[in-house]
1. Which one of these does residue 80 not meet: (1) under 36 Å from the mean Cα position of the chain (by Cα); (2) exposed (fewer than 10 other Cβ atoms within 10 Å of the Cβ)?
2. Are any residues in the stretch 107-156 out of contact with any helix residue (DSSP H, G or I) (no Cβ under 7 Å at 6 or more places or on another chain), surrounded by 14 or more Cβ atoms within 10 Å (Cβ to Cβ) and closer than 28 Å to residue 88 by Cα, and if so, which ones?
3. Considering only the stretch 131-146, state which residues are closer than 10 Å to residue 104 by Cβ and free of Cβ contacts under 8 Å to residues at least 12 places away in the same chain.
4. Using beta carbons and a limit of 9 Å, which pairs, at least six apart or on different chains, have the first residue in the stretch 71-94 and at pLDDT below 85 and the second one surrounded by 10 or more Cβ atoms within 10 Å (Cβ to Cβ) and part of a helix (DSSP H, G or I)?
């Protein structure tokens, strides 16, 4: 007598599930192999980038250091230029102050002579011409002194 093989619907479901799980396993294995290859290429790309980028970063760091050193030198030069400009300004102010009073006197003298001569020609009075000349000289000295003070105050 031959044995009877009993095949039920549960056996069929188990067989279908086994085939499905085997197919899923094969698909996952294929996906993991592909993912492993992709990760290997990404890793090689990162290593190559690292090998090329680190020397560039080191060189840029050196360049930045050299630029900073040059900027420090330029800062010293500009400080020297500012000091020189301040020294020149001090010297100009000193010379200006030293010649200010003589210039006022010469301008007053010229104005006094001009006004005195004009007054003498018109009035033929020597004493009146001298007085008018002195007044004009004092007025011109005062005006010039005011102009020089305003110019000095306007200077930064």
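The values are calculated or read from the model by the stated rules, or taken from the named source; none is laboratory data. The structure presented is a predicted model; accordingly, all values stated were derived computationally and were not measured. Don't worry about glycine lacking a Cβ; one is built from the backbone with ideal geometry, like all the others, and counts go over all protein chains shown.
1. Going through (1) under 36 Å from the mean Cα position of the chain (by Cα); (2) exposed (fewer than 10 other Cβ atoms within 10 Å of the Cβ) one by one, residue 80 breaks only (2).
2. 143
3. 142, 143, listed by residue number.
4. Hits for this filter: 93/152.
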